[in-house]
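The values are calculated or read from the model by the stated rules, or taken from the named source; none is laboratory data. Model, not experiment: these values are computed from the prediction. Cβ sites come from the backbone with ideal geometry, for glycine too, and all protein chains shown count toward neighbours. When the accessible area is computed, the model is the full protein with side chains, heavy atoms only, and any ligands, DNA or RNA have been set aside. Shrake-Rupley method; radii C 1.70, N 1.55, O 1.52, S 1.80 Å.
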Amino acid sequence: MADRVREPYAAPGQQREAAMMGMYIFLASETMLFSGLFLVALHLRLEHAPEVVAASRQMHYFIGAANTALLLTSSLLVALAVEAAREGRARPAVLATAILLGLGFLALKAVEYRMEYAEGILPLPGAVTEFSSPARHAFMNLYLIATALHAVHLSIGLGLLATLAVRLLRGTLPLPERSIVMVNAGLYWHLVDVIWIFLYPVFYLAR
Amino acid sequence: MRTASPVVVWIVLLALLGLTLAASFVLSGMIGLTVALAVASVKSGLVFWRYMHLREASGLLRIAALGALFWVFVLLAFVTADYLTRGLA
Amino acid sequence: MTLQERPDRENLADTGLSETPAERVSYLRAGHTLKSWLLTTDHKRIAILYLISITFFFFVGGAAAALVRLDLLTPAGDLLSNEGYNRAFTLHGVIMVWFFLIPSIPNTFGNFLLPLMIGARDLAFPRLNLLSWYIFMLAGLLTLAVLILGGVDTGWTFYTPLSSMFAHGQVVLAATAVFVAGFSSILTGLNFIVTVHKLRCPGMTWGRLPLFVWSIYATSLILVLATPVLSITLALIAAERLFGLGVFDPAVGGDPLLYQHLFWFYSHPAVYIMVLPALGVVSELVAAAARKPIFGYAFVAGSSMAIAVLGFFVWGHHMFVSGQSMYASAVFSFLSIAVAIPSGVKVYNWTATLYKGHISLDPPFLFAMAFIGLFVVGGLTGLILAMLAVDVHVHDTYFVVAHFHYIMVGGAVSAFFGALHFWWPKMFGRRYSLVWGRLSALLIFLGFNLTFFPQFLLGYLGMPRRYHVYPPEFQVLHVLSSAGAGILGLAYLMPFAYLFYALRYGPPAGDNPWGVTGLEWQTRSPPPKHNFDAVPVVDGPPYDYHVEMEGDEDG
């Protein structure tokens, strides 16, 4: 792994570790971003437990589980593609499959939103909604904000992965020298996965 | 290979997903919440450890990756403490 | 894996070093086009870009403050309408906090000095550094848009439900501006942390880092960990205001106090984002002025880290009268008082450093002295405010306003000017007039005290903050404060005259005009684009001044 060393670094190991550390710290800031949403969720659960449980029971938890499985599988594929890249092998097809699974997540999410909209529990602007208690409304507000923010992050991740898949196909990403780019994009993708791992029980499985 | 391959980790992750879903039918209340969050933590730990390279990373990188958890805890714990002690005599 | 040493230290043509002779002379000569500035990845040039930007915002925020102080000259608030007054103080707060104080020392002097002080060629991610400036400028443009489109009147705290349901004006745009500025903060903090960890030159151990680097490191931790919480909080406010997705709205079971928890989880540590770099600057200035090793180096460095961490445990002291649980209040009160310990460590150690030093009364030192005095007053009144029982009485009065201006303006801004006067010769290679420098330090100190000391009295007597109509008996103190603000405003303008004059007519500074230690003084003034011709090697402790002992030949 003889990385091309750029200013201001002196050695390849130093450069690689700095790049990964930068990404980990960025992901730490993303964790803090979502922690605000989890705090609101915790507050609702503590103050309005029966309403939150009732609202959560209404969610399509099997769709949520399917989406979790999709993301976990895409994470596996990204991990495999990264591992291959570090050994100098380009695996654009593996990456493309991971992207398809990510798109599948978004599609399924859209279907789910649509069902919730039809049931009158998705508080989109202008939507006709009906909630049996105010706290259920707050819970669905938070659900919409959190899942939408997660979807934004997922889309950014998809953009990153797509760029890399194209570069792998064209052979413009020298491997294993620049495998750090793959590693860092993978780290981002996995964190998006981890956030969903927590969003899923918090919104779908409150009992 | 000395440690679990990514595929094995994936199988464990899916099993844990099944577990947390199953648990949600049985458990409720604070116990249910605790179990759900514990399973989520284990899943995230696996992702961090195996997929996000912490297994092979230096101590510095591990701290950089996981240090924020302490601050998340501070935020959640202090605010929760406020809510739980409001209105006590 | 072949570990190759790069750049080759013998060969100046190696790509690791600057390419052109002009770049080797100084970073200022490396290109004179606008493009060479706007597309630079040189940390020193980016520091200058920040310096220009934040100076601009300092005067925009200052203009808003001038309006506020003019309006407060008469008890009836004759100058501004009620809404106009609300908008003036909101704009003053938003701009001064997020567009001057938070980026002030870290993004200018931190950017310029951090790589120089640790013997690096640049920050860890030079292009990210430039991106961070562009994001900051985008946020700045959004703020100016807020100003042009009619302003915002929620106060800088954006408290809900005022901000989400009742306030008029550009709340969402202002929140967006702060949100965007937050990204700039996060990226800068990340860059600094990785730089300190990965790019220290040989021999630059943690125990040899200059204290300014320690304080910037501690600040960066807060930037990275606290800023995202503000971002999500502002996003939640925007979601409630724009789309009706309320989570703080009591009508749907939300709690406005939860907003305050989230806001202050960021905004109290943000106070330390503003003052920690100032503490680092003053440590440098004190050691330089006394020509002595800093007293208790490890404690001064450790206290920066302690303040950064402890600062996360005290946010509840902003909520003593808000309806927070009184048990939580008591805990927050105790923890807030604990912050006095590391702060006190710093002040005592500076004093001990100065003891028996060869003190030179140069402008940077005068600013440092002003800082220490004002910081002590601000800190001790902070201790008063941290007391639960006392705070209930003076909460939301001018006492609080005076307290935090002593820390932020008397403290952080004085340190900013001290840094400007200390490192100006290094940044631009020119000396300025020391006489004028001393005069402006003196005027800033006097003007500041005349402005803000009366506000302690006003607050103690019961004048609430954010009101512009007040009982006539408060007028004398308000007029004194406004008169002080006039002096302060003029005093802040003075350095621009003689520093700009020095840019063109000042005598060359030489590499080390103050005769002090530190890697940044061992390279040329202004430094070459690649900072050091040879990678420096550190073989001694920081602040390694010769100390005369009893019995010395010339002692």
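Among residues of region A:178-190 that are within 7 Å of another protein chain (Cβ to nearest Cβ) and touching a residue at least 40 places away in the same chain (Cβ under 8 Å), those with a beta-carbon under 7 Å from a residue that is open to solvent by less than 10 Å² (accessible area, probe 1.4 Å) and part of a loop (DSSP other than H, G, I, E, B) at least six positions away or on a different chain give the pairs A:Leu187/B:Met52; A:His190/B:Met52. With the condition kept exactly as written, say whether any residue in region B:50-57 is aromatic (Phe, Trp, Tyr) and more than 9 Å from chain A (Cβ to nearest Cβ). The answer is no, given that none of the residues of region B:50-57 is aromatic (Phe, Trp, Tyr) and more than 9 Å from chain A (Cβ to nearest Cβ). Using the structure shown, decide if C:Ile384 is part of a helix (DSSP H, G or I), over 19 Å from C:Ser283 (Cβ atoms) and open to solvent by 20 Å² or more (accessible area, probe 1.4 Å). Here the answer is yes, as C:Ile384 does meet what is asked. Candidates in region A:114-128 are the residues that are in a helix (DSSP H, G or I) and touching a residue at least 24 places away in the same chain (Cβ under 8 Å); of these, the one that is most open to solvent (accessible area, probe 1.4 Å) is A:Met115. Selection within region C:511-546: residues that are loosely packed, with under 14 Cβ neighbours inside 10 Å and farther than 22 Å from C:Arg200 by Cβ. The member of this set that is farthest from the chain's Cα centre (by Cα) is C:His546. Pairs linking a residue in region C:201-216 that is on the phi > 0 side of the Ramachandran plot to a residue that is not small (Gly, Ala, Ser), with Cβ atoms under 7 Å and 6 or more positions apart or on different chains, are C:Gly203/C:Val537; C:Gly203/C:Val538; C:Gly203/C:Asp539.
None of C:Phe112, C:Phe56, C:Phe125 is out of contact with any strand residue (DSSP E or B) (no Cβ under 6 Å at 6 or more places or on another chain), within 26 Å of C:Leu144 (Cα to Cα) and not acidic (Asp, Glu) except C:Phe56.
Residue by residue, here is whether (1) at pLDDT 95 or above; (2) open to solvent by 10 Å² or more (accessible area, probe 1.4 Å); (3) not small (Gly, Ala, Ser) holds:
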position	(1), (2), (3)
C:Val413	yes, no, yes
C:Phe417	yes, no, yes
C:Lys426	yes, no, yes
C:Arg438	yes, yes, yes
C:Ala441	yes, no, no
C:Phe445	yes, yes, yes
C:Leu458	yes, no, yes
C:Pro464	yes, yes, yes
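I'm trying to understand the selection: among the residues of region A:22-42, which are within 20 Å of C:Asp249 (Cβ to Cβ), open to solvent by 10 Å² or more (accessible area, probe 1.4 Å) and touching a residue at least 40 places away in the same chain (Cβ under 8 Å)? Within region A:22-42, A:Phe38, A:Ala41 qualify. Within the set C:Phe179, C:Phe192, the sole residue that is in contact with a Ser or Thr (Cβ under 7 Å, 6 or more places away or on another chain) and either at pLDDT below 95 or surrounded by fewer than 24 Cβ atoms within 10 Å (Cβ to Cβ) (or both) turns out to be C:Phe179.
Matching residues to (1) modelled with pLDDT of 95 or more; (2) assigned to a helix (DSSP H, G or I); (3) among the hydrophobic types (A, V, I, L, M, F, W, C):
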residue	(1), (2), (3)
C:Ser18	no, no, no
C:Glu23	no, yes, no
C:Lys35	no, yes, no
C:Leu49	yes, yes, yes
C:Ile54	yes, yes, yes
C:Phe57	yes, yes, yes
C:Gly61	yes, yes, no
C:Arg69	yes, yes, no
C:Pro75	yes, no, no
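Right, A:Ala19: out of contact with any helix residue (DSSP H, G or I) (no Cβ under 6 Å at 6 or more places or on another chain), touching a residue at least 24 places away in the same chain (Cβ under 8 Å) and part of a helix (DSSP H, G or I) or not? When the stated conditions are applied, A:Ala19 does not pass them. Within region A:43-72, restricting attention to residues that are without any contact (Cβ under 8 Å) to a residue 40 or more places away in the chain and crowded, with 20+ Cβ neighbours inside 10 Å, which residue is farthest from the other protein chains (Cβ to nearest Cβ)? It comes out as A:Leu70. Looking across region B:1-37 at every residue that is more than 10 Å from every other protein chain (Cβ to nearest Cβ) and more than 22 Å from A:Leu70 (Cβ to Cβ), the one that is most open to solvent (accessible area, probe 1.4 Å) is identified as B:Arg2. Inspection of region B:51-60 identifies at least one residue that is in the same structural domain as B:Pro6 (by TED's automatic domain parsing), within 30 Å of A:Val183 (Cα to Cα) and among the aromatic types (Phe, Trp, Tyr).
Restricting attention to region C:241-258, which residues are within 7 Å of chain A (Cβ to nearest Cβ) and either outside any loop (DSSP other than H, G, I, E, B) or not charged (D, E, K, R) (or both)? C:Phe243, C:Gly244, C:Leu245, C:Gly246, C:Val247, C:Ala251, C:Val252, C:Gly253, C:Gly254, C:Leu258, listed by residue number. Taking region A:87-102 as the range and being part of a helix (DSSP H, G or I) and either surrounded by fewer than 16 Cβ atoms within 10 Å (Cβ to Cβ) or acidic (Asp, Glu) (or both) as the test, the residues that pass are A:Ala93, A:Leu100.
You will find that of C:Leu123, C:Leu142, C:Leu147, C:Leu138, the residue that is among the hydrophobic types (A, V, I, L, M, F, W, C), within 30 Å of C:Asp533 (Cβ to Cβ) and touching a residue at least 24 places away in the same chain (Cβ under 8 Å) is C:Leu123 and no other. Regarding C:Gly207, is this residue open to solvent by 10 Å² or more (accessible area, probe 1.4 Å) and away from every other protein chain (no Cβ under 11 Å)? Against the criterion (open to solvent by 10 Å² or more (accessible area, probe 1.4 Å) and away from every other protein chain (no Cβ under 11 Å)), C:Gly207 qualifies. Whether a residue is part of a helix (DSSP H, G or I), of a type in the set (Gly, Ala, Ser) and within 16 Å of the chain's Cα centre (by Cα) was assessed, and A:Ala79 passes this test. Across region B:66-82, the qualifying residues are those that are facing chain A (nearest Cβ under 9 Å) and open to solvent by less than 10 Å² (accessible area, probe 1.4 Å), and the one among them that is farthest from the chain's Cα centre (by Cα) is B:Val79.
Scanning region C:494-508 for residues that are basic (Lys, Arg) and surrounded by fewer than 16 Cβ atoms within 10 Å (Cβ to Cβ) turns up at least one hit. For region A:1-12, filtering for residues that are surrounded by fewer than 20 Cβ atoms within 10 Å (Cβ to Cβ) and more than 7 Å from every other protein chain (Cβ to nearest Cβ) leaves 2.
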